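The values are calculated or read from the model by the stated rules, or taken from the named source; none is laboratory data. Keep in mind that what you see is a predicted model, and the values were worked out from it rather than measured. For neighbour counting, all protein chains shown are included, and Cβ atoms are generated from backbone atoms with ideal geometry for every residue, glycine included. The protein model used for the area step is the full one, side chains on, heavy atoms only, and it has no ligands, DNA or RNA in it. Shrake-Rupley method; radii C 1.70, N 1.55, O 1.52, S 1.80 Å.
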Amino acid sequence: MLNPAAAGLRRGQGESGTDGDSAAADADFADQVDEFDRHIRQMVDDALSVSTWTAGERMSDLEERLEREVREAVAYEAGKSGVLEMVRQSFPDNPAASKESCVETVTPEQIAATLRSVLFNGLVEACDGTRVSYDTLPISVIQIGLCMTTYLDDGEPTSVGHRLYRHDMVRRHDNAEEELMAFLHQRARSSKPDENGDVAGISDMMVRAIMEHGERYLLTERSKKPWRMGHGLPYPYEMMTGSGSGKIIELSLDLLPKLLGEHKKFVFIPSETGDRALRTIANALQPLQYAVLTNTKYIIDAYLRGSYRGKYSVFKPQLIEFRDEIASKVVVGVYKASRFSPGHIFYAHEDHVHEAALIAMADSALQEHRGFPNLIDIADRLCKSTFDPSAIAANVNAVFAAQGEPFRYLLERSTRA
């Protein structure tokens, strides 16, 4: 069953028949779900019988089944030709559908015109970020880098970076025993979440939230181009739930309406999604085809259900307002740039969603095998070359060696031959 919120489908939509037919269909659907669940449980039970596993030297015996399973799965997936028709039929009665919901096909001439007049003319600016952390017992160093660029060489690309340093030093005082106890307490506290699920210090989730905020800040406040292209969700989970920092939520709810609600000319493309229903619809598309599905209120609803408790409950009214004013106008769509590439997901404002789809598809058509926007990849490569991730570890290890401790603080895996 397709995800009702993301895909814009509900049980019974696109089906004809009496109430009895609908009840029978629902019962049949429930039986299929039960059968699937039983299948999963049986696979887990089989996997837990380690005595029945195949010996390492005989793993080649499993190749025939591997080939058969993959072949059958691909054939089954390719046979789901009714997905797009089901999507089309769902639009009229779906309250989450946008006024722009549709399935459209574009021409190679439209792709070429968009490349020539919009992308290669420097009217689209893309931003991407990178992060790397080097964690040791005495100190953890975290580096975040952001790059924003266009195709038109009208100046240097925007590149900004920042480093964070986490250590457990405490303010010195006269009582050495108390200082030592405070030091050990901080070490223990930074390893365990508190009653709100927060971890003292800087978690990887918080680092991602800071990076995502930085990307959206550059697109909002620093870009002067009419079109802004971002990587990922417009409002990622890490940002919108704070990741342990109420300040991140506060800044997000102030920043995002400027880009998403006022500027409106944006397109966000994630590399991947856990929503397999969206991926199914995307892969059902023909080359140079796109579909505008529903608004994205369902994303914020999921955040509201899972977060905003305790000290973060103060932000709940603001997030509800954000959902109703902003997310209700931001739509999710899918597109496919070539017959070799997978389908991808995009997010845009419903007032400009068709232009956004063309921009995403045209830029993705430059990479026929990937079908993913080339401009985002360029920003990513700029980040990785400007903010070399290997330099941090080398610099920290050099200082350790100079202090006479070349190996003490290295992780076991890093010293394996």
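Among A113, A75, which is more than 23 Å from I281 (Cβ to Cβ), in a helix (DSSP H, G or I) and aliphatic (A, V, I, L, M)?
Exactly one of A113, A75 is more than 23 Å from I281 (Cβ to Cβ), in a helix (DSSP H, G or I) and aliphatic (A, V, I, L, M), namely A113.
Only residues that are buried (at least 22 other Cβ atoms within 10 Å of the Cβ), in contact with a Ser or Thr (Cβ under 9 Å, 6 or more places away or on another chain) and in a helix (DSSP H, G or I): list them for region 330-356, please.
V353
Can you tell me which residue in region 395-417 is surrounded by the most Cβ atoms within 10 Å (Cβ to Cβ), limited to those that are under 33 Å from the mean Cα position of the chain (by Cα) and β-branched (V, I, T)?
Filtering region 395-417 for residues that are under 33 Å from the mean Cα position of the chain (by Cα) and β-branched (V, I, T), the one surrounded by the most Cβ atoms within 10 Å (Cβ to Cβ) comes out as V396.
Restricting region 347-396 to residues that are among the aliphatic types (A, V, I, L, M) and out of contact with any strand residue (DSSP E or B) (no Cβ under 8 Å at 6 or more places or on another chain), which is nearest to V267 (Cα to Cα)?
Step one: of region 347-396, the residues among the aliphatic types (A, V, I, L, M) are 348, 353, 356-362, 365-366, 375-376, 378-379, 382, 391-394, 396.
The next check asks that each one be out of contact with any strand residue (DSSP E or B) (no Cβ under 8 Å at 6 or more places or on another chain); those that pass are 358, 362, 365-366, 391, 394.
Working: L358: 10, A362: 13, A365: 16, L366: 17, A391: 33, A394: 37 Å.
Applying the filter and picking the extreme gives L358.
Just checking, which of G145, G122, G129 is touching a residue at least 60 places away in the same chain (Cβ under 8 Å) and out of contact with any helix residue (DSSP H, G or I) (no Cβ under 9 Å at 6 or more places or on another chain)?
Answer to the check: G122.
Just wondering, is there one or more residues in region 110-128 that are under 18 Å from R228 (Cα atoms), touching a Pro at 6+ places or on another chain (Cβ under 7 Å) and among the β-branched types (V, I, T)?
no
Could we say that A47 is at pLDDT 70 or above, in a helix (DSSP H, G or I) and either at positive phi or exposed (fewer than 10 other Cβ atoms within 10 Å of the Cβ) (or both) here?
no
Taking only region 362-375 into account, find how many residues are open to solvent by less than 10 Å² (accessible area, probe 1.4 Å) and in a helix (DSSP H, G or I).
4
Can you pull out every residue in region 282-329 that is in a loop (DSSP other than H, G, I, E, B), open to solvent by 20 Å² or more (accessible area, probe 1.4 Å) and either under 30 Å from T114 (Cα atoms) or touching a Pro at 6+ places or on another chain (Cβ under 8 Å) (or both)?
Matches in region 282-329: Q286, P287, L288, S328, K329.
Look at region 53-62 and say how many of its residues are at pLDDT 85 or above and open to solvent by 100 Å² or more (accessible area, probe 1.4 Å).
1
Considering each of I378, I359 in turn, give the residue that is over 30 Å from P138 (Cβ atoms), surrounded by fewer than 20 Cβ atoms within 10 Å (Cβ to Cβ) and not charged (D, E, K, R).
Of I378, I359, the one residue that is over 30 Å from P138 (Cβ atoms), surrounded by fewer than 20 Cβ atoms within 10 Å (Cβ to Cβ) and not charged (D, E, K, R) is I378.
Is there a residue in region 258-277 that is under 20 Å from S133 (Cα atoms), open to solvent by less than 30 Å² (accessible area, probe 1.4 Å) and in contact with a helix residue (DSSP H, G or I) (Cβ under 8 Å, 6 or more places away or on another chain)?
No: zero hits.
Quick one: K99 ticks every box in (1) in a helix (DSSP H, G or I); (2) open to solvent by 80 Å² or more (accessible area, probe 1.4 Å) bar one, so which box is it?
It fails just one condition, (1).
Of (1) part of a loop (DSSP other than H, G, I, E, B); (2) open to solvent by less than 40 Å² (accessible area, probe 1.4 Å); (3) modelled with pLDDT of 90 or more, E125 satisfies all except one. Which?
All conditions are met except number (1).
Which residue pairs have Cβ atoms under 8 Å apart, sit 6 or more places apart or on different chains, and have a first residue in region 100-113 that is of a type in the set (D, E, K, R) and a second that is at pLDDT 95 or above and part of a helix (DSSP H, G or I)?
Pairs found: E100/E350; E100/V353; E100/H354; E104/H354; E104/A357.
With the condition kept exactly as written, say whether any residue in region 105-119 is in contact with a Phe, Trp or Tyr (Cβ under 6 Å, 6 or more places away or on another chain), at pLDDT 95 or above and not acidic (D, E).
Among the residues of region 105-119, at least one is in contact with a Phe, Trp or Tyr (Cβ under 6 Å, 6 or more places away or on another chain), at pLDDT 95 or above and not acidic (D, E), which makes the answer yes.
Considering every residue within region 75-94, establish whether at least one is farther than 30 Å from K225 by Cα, free of Cβ contacts under 8 Å to residues at least 40 places away in the same chain and open to solvent by less than 60 Å² (accessible area, probe 1.4 Å).
yes
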